[in-house]
């Protein structure tokens, strides 16, 4: 890495959460680390589920005031080559008491904006995906060693929901 790349990485990545909002930072902070992921994604055009193995890395960013992740997996062109599939940036908004979430699906040119709050055994994220449809992304059953993630989509403005993706994660580090 060049000095510029090293300086940028040090400015972006933080060693820990800010102490300013300890309970709120824990919401996503407990995911910080590296996770092995088994993913099932529904192909809407065929109705078939595609399975893949991914790696999902989370880190504190911006002096510990946010959490960013990067998902990597096999390239569609060459399964032996790993590529970045997307990244999510989450920043706590103390004025609203929620997390603002932005996901960038670099592999497919997708972009989603969501708002995250606590929900049951995990985290609920509500927003809109690139094509304008409402989405609901839920982290659930979060423990120190595992969690589940479900991506739901609505074709009728939130009247009904259907599962588009399910992921099971196991902590690597």
- Which condition does residue 64 not pass, out of (1) in contact with a strand residue (DSSP E or B) (Cβ under 9 Å, 6 or more places away or on another chain); (2) buried (at least 17 other Cβ atoms within 10 Å of the Cβ), if it passes all the others? (1)
- Query: What number of residues within the range 121-145 are over 18 Å from residue 167 (Cα atoms) and either in contact with a helix residue (DSSP H, G or I) (Cβ under 6 Å, 6 or more places away or on another chain) or surrounded by fewer than 17 Cβ atoms within 10 Å (Cβ to Cβ) (or both)?
  - Reply: 5
- When you look at residue 35, is it within 16 Å of the chain's Cα centre (by Cα) and modelled with pLDDT of 95 or more, yes or no? yes
- Unique match (being surrounded by 13 or more Cβ atoms within 10 Å (Cβ to Cβ) and touching a helix residue (DSSP H, G or I) at 6+ places or on another chain (Cβ under 6 Å)) among 111, 92, 104: 92
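For (1) touching a strand residue (DSSP E or B) at 6+ places or on another chain (Cβ under 7 Å); (2) free of Cβ contacts under 8 Å to residues at least 12 places away in the same chain; (3) crowded, with 17+ Cβ neighbours inside 10 Å, each residue gets a yes or a no:
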| residue | (1), (2), (3) |
| --- | --- |
| 12 | yes, no, no |
| 21 | yes, no, no |
| 35 | yes, no, yes |
| 47 | no, yes, no |
| 54 | yes, no, yes |
| 73 | yes, no, yes |
| 87 | yes, no, no |
- Does residue 116 satisfy being closer than 21 Å to residue 153 by Cβ and outside any strand (DSSP E or B)? no
- Task: Would you be able to say whether some residue in the range 141-157 is without any contact (Cβ under 8 Å) to a residue 12 or more places away in the chain and within 17 Å of residue 31 (Cβ to Cβ)?
- Result: yes
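The values are calculated or read from the model by the stated rules, or taken from the named source; none is laboratory data. A quick note: this is a predicted structure, and the numbers were derived from the prediction, not measured. As a convention, Cβ positions derive from the backbone with ideal geometry for all residues, glycine included, and neighbour counts pool all protein chains shown.
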